[in-house]
Amino acid sequence: MLDGAGVDKGVLAQALGSPAPFGQSQFAFMRGNAFEARVKADGGAELLRLLHERLAGSSPAPGPDAATPDLSAAGPEGRAARTALALREATAAGGWALLDHPMLALEVAGSPAYLEPDAVVVHPDGRWTVVEIKSFPMIDASADAAKVGAAARQAAVYVLALERVAALTQGAEVDHRVLLVCPKDFSNLPTASVVDVRKQRAVTRRQLTRLTRVEDIAAALPEGTTFDPACSPQELESAVSAVSAAYAPECLAACELAFHCRARSRAEGAVETLGRSVRGELGGLTTVAGVLAAAAGKEGDPADPTVAALDRKTTPLNSCLLV
């Protein structure tokens with residue numbers, strides 16, 4: 001949300017005194033880049049082979065003449081327009097085409113967001129397939145479920161953005177299956193798996209329709225509110241507090257302000273700090289103190305199923321909440 005308003009959340013978190021002490025190591029970054037370069041070497045021959053093997057159906061195998069259009073342009077808006085043109089041209093040509101790091105646009109809360117998947121492949125029959133290249137391994141044809149889930153959610157956003165372009169392109173169709181390419185076992189050899197992202201796409205679409213527009217958020221802020229990092233920490237704290245935040249532990253992996261929001265959530269004793277699944281189980285009990293009091297029989301309506309359940313599980317629940 002703050003990014004959409006033109007605010008760098010990393011800089012803001014630093015100014016607030018809650019920098020996010022995480023990030024990909026330089027070694028992991030270099031390893032990921034080296035693996036992606038290997039997958040895309042020789043005009044993406046290995047990538048296209050893996051895709052044809054798992055998703056091509058009756059289409060002929062891609063040859064050395066597969067198109068690799070130049071997507072360079074000025075700025076993200078220019079690159080998105082160039083990508084859309086390349087997709088239309090490749091679809092009309094009726095052959096294989098590999099778009100390396102295309103730029104896609106998606107409207108998020110009324111503002112354009114620019115997305116860059118690892119690759120998009122155009123099939124001879126007009127299908128478009130998103131390709132995600134990850135450096136985590138597939139061991140015995142199976143990868144870490146949490147990492148695969150995160151990749152599927154990421155790819156689902158790309159599918160949604162592609163669907164906007166496909167709707168304006170005759171003969172085009174976006175595949176709801178994406179190709180996930182990873183190192184095989186403990187080697188640097190690529191292997192691939194097909195991931196169906198229909199569920200993730202539907203969830204993301206619903207979430208996008210529920211987002212509040214940036215203009216509406218800005219209009220609700222007090223007069224004179226600013227997120228200028230040059231302001232004092234007290235002024236920034238007041239400005240950030242004026243924007244509602246729904247913290248969850250999952251935020252730590254994706255948002256630079258997560259540590260600041262976690263500190264606020266803990267100070268308020270909010271049960272969201274324990275995770276969305278716990279929050280969903282606790283119904284109308286919104287604070288850790290309230291949950292502990294209900295579990296001890298000091299607060300809450302005994303007729304409330306949540307309070308009754310807590311009363312039966314007092315000891316393990318107290319242990320969990322106090323960790």
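The values are calculated or read from the model by the stated rules, or taken from the named source; none is laboratory data. Note that this is a predicted model, so its numbers are computed, not measured. Cβ placement follows ideal geometry from the backbone for every residue including glycine, while neighbour counts extend to all protein chains displayed. To get the accessible areas, we keep the full protein, side chains included, count just its heavy atoms, and leave off ligands, DNA and RNA. Shrake-Rupley method; radii C 1.70, N 1.55, O 1.52, S 1.80 Å.
Remarks
- Some residue of region 222-229 being out of contact with any Pro (no Cβ under 8 Å at 6 or more places or on another chain) and in contact (Cβ under 8 Å) with a residue 24 or more places away in the chain: yes
- Within the option set Ala289, Ala245, being without any contact (Cβ under 8 Å) to a residue 60 or more places away in the chain, hydrophobic (A, V, I, L, M, F, W, C), open to solvent by 40 Å² or more (accessible area, probe 1.4 Å) and not in a helix (DSSP H, G or I) holds for one residue only, Ala245.
- Selection of region 73-102 for residues being closer than 13 Å to Tyr158 by Cα and in contact with a strand residue (DSSP E or B) (Cβ under 6 Å, 6 or more places away or on another chain) yields Ala80, Pro102.
- Among the residues of region 198-242, those identified as closer than 30 Å to Glu53 by Cβ and open to solvent by less than 60 Å² (accessible area, probe 1.4 Å) are Gln200, Arg201, Ala202, Val203, Thr204.
Listed here are the residues, each with its yes/no results for (1) among the aromatic types (Phe, Trp, Tyr); (2) at pLDDT 95 or above; (3) touching a Leu at 6+ places or on another chain (Cβ under 9 Å).
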position	(1), (2), (3)
Asp144	no, no, no
Thr169	no, yes, yes
Glu173	no, yes, no
His176	no, yes, no
Leu179	no, yes, yes
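- Criterion violated by Ala248 - all others in (1) touching a helix residue (DSSP H, G or I) at 6+ places or on another chain (Cβ under 9 Å); (2) at positive phi; (3) modelled with pLDDT under 85 satisfied: (2)
- Checked against (1) open to solvent by 60 Å² or more (accessible area, probe 1.4 Å); (2) in a strand (DSSP E or B), Gln154 meets all criteria but (2).
- The criterion of at least 1 residues that are at pLDDT 80 or above and surrounded by fewer than 13 Cβ atoms within 10 Å (Cβ to Cβ) is met, among helices (runs of 4 or more DSSP H) falling completely within region 1-99, by 26-39, 41-55, 75-93.
- Filter pass, Val195 being open to solvent by less than 60 Å² (accessible area, probe 1.4 Å) and not in a helix (DSSP H, G or I): yes
- Selection from region 256-288 of residues that are within 19 Å of Ala308 (Cβ to Cβ) and out of contact with any strand residue (DSSP E or B) (no Cβ under 9 Å at 6 or more places or on another chain): Val278, Gly280, Glu281, Leu282, Gly283, Gly284, Leu285
- You will find that of Val159, Val165, the residue that is touching a His at 6+ places or on another chain (Cβ under 9 Å), surrounded by 13 or more Cβ atoms within 10 Å (Cβ to Cβ), within 28 Å of Ala66 (Cβ to Cβ) and of a type in the set (A, V, I, L, M, F, W, C) is Val159 and no other.
- Identity of the residue in region 175-189, open to solvent by 20 Å² or more (accessible area, probe 1.4 Å) and part of a strand (DSSP E or B), that ends up farthest from Lys147 (Cα to Cα): Arg177
- Flag if Arg276 is at pLDDT 80 or above, within 20 Å of Gly290 (Cβ to Cβ), among the basic types (Lys, Arg) and under 25 Å from the mean Cα position of the chain (by Cα): no
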